[in-house]
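Here the structure comes first, spelled out in structure tokens, and everything after it is commentary.
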Amino acid sequence: MKLFDLILKFDISLQDMKNYKIIIVGSGIAGMAAAIRLKSVGYNVEIFEANSYAGGKLTAFKSNDYRFDMGPSLFTMPNLIEDLFEITNKPIENYFTYKRKSIICNYFYEDGTKFSAPADIREFAKKASNTFDVEEKTILNYLYKCQKKYDLTSSLFLENSLHKISTYLSKDTLKALLNLTKLDINKNLSDYNSTIFRDPRLVQFYNRFATYNGSSPYHTPGIMSMIPSLEQSFGTYFPEGGMHQITKSLEKLAKDIGIQFHFNTKVDEIITKRSKVLGIMTGKSFIQSDIVISNADIVPTYTKLLPKEKAPKKILSQERSSSALIFYWGITKTFPDLDLHNIFFSADYKNEFKRIFQDQLISDDPTVYINISSKEESTDAPEGCENWFTMVNAPTNNGQDWDAIIIKTRTNIIKKLSRVLKVDLNQLINFEYVLDPRDIEKNTQSYQGSLYGAASNSKFSAFLRHPNFSSSISNLYFCGGSVHPGGGIPLCLWSGKITADIIHKNSKL
Ligand code: FAD
């Protein structure tokens, strides 16, 4: 083909794409990422959002002079956000700035041990060996091995579709398969950590990372040990202005490049005919579209938006990841011992996860996570005060008596924190707002209020997540925490990318 013909072909296909209309159901982080990517290569993209605001779980609120990030509080892999500004040729510094944290998290154990985890790997290993019964080299070897697991599998499990034959034909996949024994998929995370560390406090420390995707360390496979090494080597960050800045900056970027948002517009159905997408229904209006991407949770996507289509029962019946019970507290005191991220461990970690995943309840001694953004942004709380996002892992909403659970858990948390911090916490709370799994389900339409879609409590979980495309309905796609590759901000950003890449590739066929 001559150069002129090539240019002409490229020009025509760009023209076609501009007329190609894509509707995205939901403005979660994955939906916005997919929208920005598709718009940047020429598609006409519109987002329909049930709420009056963008971001889904990644939102915030202000009350009584306190500002709280409502959902995610831990920010890793900022390169995935940077990418979205790069591909749109917009200067990120005009939208989004962030800083790296030198302390990752402060840990408090029931036996009185305190450990402030440095971000620097060598400093971390040294400090850990001074605090726990462990040699520096054991920690460094562990992190090195975990990093290898990520290097071997990220291309297969995170960055590409698991459901396209091309992924399996790649060199990276072959390498991962040849190194299968190094991935520790046949042991659970806790058993794996127990083979490396003799100090139970360190096993608990590294078991905690199972909660990053809402799973149990006693069931999720040992390959999840890659998470702490990612946190340690990629670092943890704080967006200036708080986590909500991620949503605000992506919403602004999306609008600046011409993506239209329709807020307060719940999609009632995705309309299909002869196994092909035709558009959506919102209220009584039909809106035509060439492609529809659902960023809504995959369970209601099938049960509510596609009631006439055959649902993939096995995928939809996967165990859900955990949910959360959060107390947003205004605290009339500052705590120099606390930092942005703080963990107060339970004495019996195993029981805690049994209570969540088996009994569908919250243990009487739950691990408590406190995020205090006013440590970084002083305007997030009045002078002399702090904004505490106080969270415990919780089961998903299966109709439990949440009002009773909230009262009991609140008492247990206040007792625990008062004891460890040597204060009367009850006296220090001058603002309170509570969010439970019912609210998370209502606010974001996530099935049963789970935070990360399906749990990763089995070695087959990754393969049982829904693909980013429909194999029975043409021009129907999916992105977000409940489909491949999973939940959490980085994975959702990858999900948006994988979906956008598949659409773009298909449209060029
Ligand atoms: P969602 O955020 O689930 O949003 C989906 C959107 O779709 C919503 O806005 C919803 O209103 C809309 N929608 C649904 N149905 C319809 C419909 N029919 N019509 C129109 N709109 C519809 N991740 C981290 O990385 N770090 C953390 O520290 C962290 N902590 C968390 C703490 C909490 C309390 C919560 C709730 C989550 C946390 N997460 C964390 C997980 C992270 O927030 C999610 O994985 C991610 O934000 C999910 O994004 P998503 O794209 O799947 O969309």
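Please report, in debye to the nearest 20, how large the charge dipole of the chain is about its Cα centre when each Lys and Arg carries +1 at its beta carbon and each Asp and Glu carries -1 there. All intermediate terms of the calculation are to be shown ahead of the outcome.
Values: 61 positive and 54 negative charges, 329 e Å.
Dipole size: approximately 1580 debye.
Can you tell me the FRET efficiency between ALA347 and ASN94 if r is taken as the Cβ-Cβ distance and R0 is 56 Å, rounded to the nearest 0.05?
0.70
Suppose R0 equals 56 Å. What FRET efficiency, 1/(1 + (r/R0)^6) with r the Cβ-Cβ distance, do LEU464 and SER102 give to the nearest 0.05? Spell out each step's value before the answer.
Details: r = 39 Å, r/R0 = 0.69.
Computed FRET efficiency for LEU464 and SER102: 0.90.
Compute the length gained on full extension between SER155 and LYS114: take 0.36 nm times their separation in residues and subtract their Cα-Cα distance, giving the result in nm to one decimal. Don't skip to the answer; put the middle values down first.
Working: separation 41, 0.36 × 41 = 14.76 nm, distance 3.69 nm.
Working it through step by step, the gained length comes to 11.1 nm.
Give the angle, between 0 and 90 degrees and rounded to the nearest 10, that separates the Cα long axis of helix 136-153 from the longest principal axis of the Cα atoms of the chain.
For 136-153 against the chain, the angle is about 20 degrees.
7 Å from Cα along Cα→Cβ at both ILE165 and LYS333: what's the point-to-point distance in nm?
About 6.6 nm, to one decimal.
Let me check something: with ligands and nucleic acids excluded, how do GLU93, GLU376 order by accessible area (1.4 Å probe), largest to smallest?
On the way: GLU93 125, GLU376 45 Å².
Final ranking, largest accessible area leading: GLU93, GLU376.
Name the long-range amide H neighbours of ILE104: under 5 Å, sequence gap of 5 or more, or other chain; modelled H, no Pro or chain starts.
ALA117, ALA119
I'd like the carbon and sulfur percentage of the solvent accessible area for the chain, probe radius 1.4 Å, heavy atoms only, ligands and nucleic acids excluded. Display every interim value, and only then the final one.
Values: 11390 of 21900 Å².
After summing per-atom areas, the C and S share lands at 52 percent.
Step through the table entries LYS273/LYS459; LYS57/LYS252; LYS114/LYS137; LYS276/LYS442; LYS252/LYS273; LYS39/LYS505, compare each Cα-Cα distance with 25 Å, and write down the pairs that go over it.
Values: LYS273/LYS459 37 Å; LYS57/LYS252 18 Å; LYS114/LYS137 21 Å; LYS276/LYS442 30 Å; LYS252/LYS273 35 Å; LYS39/LYS505 14 Å.
Listed pairs above 25 Å: LYS273/LYS459; LYS276/LYS442; LYS252/LYS273.
Ordered by packing density, taken as the mean number of other Cβ atoms within 10 Å over each peptide's residues, highest first, how do 470-482, 435-447, 377-389 rank?
470-482, 435-447, 377-389
With r defined as the distance between the Cβ atoms of GLU432 and TYR53 and R0 fixed at 30 Å, what FRET efficiency is calculated, to the nearest 0.05?
Details: r = 22 Å, r/R0 = 0.74.
Efficiency, rounded to the nearest 0.05: 0.85.
Give me the net charge for the shell around GLY56: Cβ to Cβ below 11 angstrom, other residues only, Lys and Arg +1, Asp and Glu -1.
Details: positive: LYS57; negative: GLU49, ASP297.
Around GLY56, the charge tally is -1.
Chymotrypsin sites (Phe, Trp or Tyr not before Pro), restricted to region 196-296: which are DSSP loop and have at most 14 other Cβ atoms within 10 Å? Numbers along the way, then the final one.
Working: sites: PHE197, PHE205, TYR206, PHE209, TYR212, TYR218, PHE234, TYR237, PHE261, PHE263, PHE286; in loops: PHE197, TYR218, PHE263.
Counting only loop positions with at most 14 other Cβ atoms within 10 Å, the chymotrypsin sites (Phe, Trp or Tyr not before Pro) in region 196-296 are PHE263.
Once the other residues with Cβ under 10 Å from the Cβ of GLN448 are scored (Lys, Arg +1; Asp, Glu -1), what is the net sum? Each step should come with its number before you reach the end.
Numbers: positive: ARG320, ARG438; negative: ASP297, GLU441.
Once positives and negatives cancel, what remains is 0.
Under 20 Å from the Cα of LYS304, which aspartates and glutamates turn up, not counting those fewer than eight places away in the same chain?
GLU49, ASP268, GLU269, GLU319, ASP439, GLU441
Residues in region 405-431, backbone N under 11 Å from the label point at LEU361 (7 Å along the Cα-to-beta-carbon vector): list them, ranges by number please.
405, by backbone N distance to the label point.
Using label points projected 7 Å from each Cα along Cα→Cβ, tell me how many nm separate THR195 and THR411, to one decimal.
According to this spin-label approximation, the distance is 4.4 nm.
If each of GLU376 and SER275 carries a label point 7 Å out from its Cα toward its Cβ, how far apart are those two points in nm?
Taking the two extended label points, one gets 4.8 nm.
Could you state the accessible area per residue of the chain in Å², with a 1.4 Å probe and every protein chain left in place?
On the way: 21900 Å² over 509 residues.
The answer is 43 Å² per residue.
On a full-extension model of 0.36 nm per residue, what is the gain between GLU240 and SER129, subtracting their alpha-carbon distance, rounded to one decimal in nm? Walk me through the numbers on the way to the answer.
Details: separation 111, 0.36 × 111 = 39.96 nm, distance 3.31 nm.
Full-extension gain reported as 36.7 nm.
The values are calculated or read from the model by the stated rules, or taken from the named source; none is laboratory data. Note that the structure is predicted; figures quoted are calculated from it, not measured. Note that we place each Cβ from the backbone using ideal geometry, even for glycine, and neighbour counts take in every protein chain shown. Note: areas computed on protein heavy atoms with side chains; ligands, DNA, RNA excluded. Shrake-Rupley method; radii C 1.70, N 1.55, O 1.52, S 1.80 Å.
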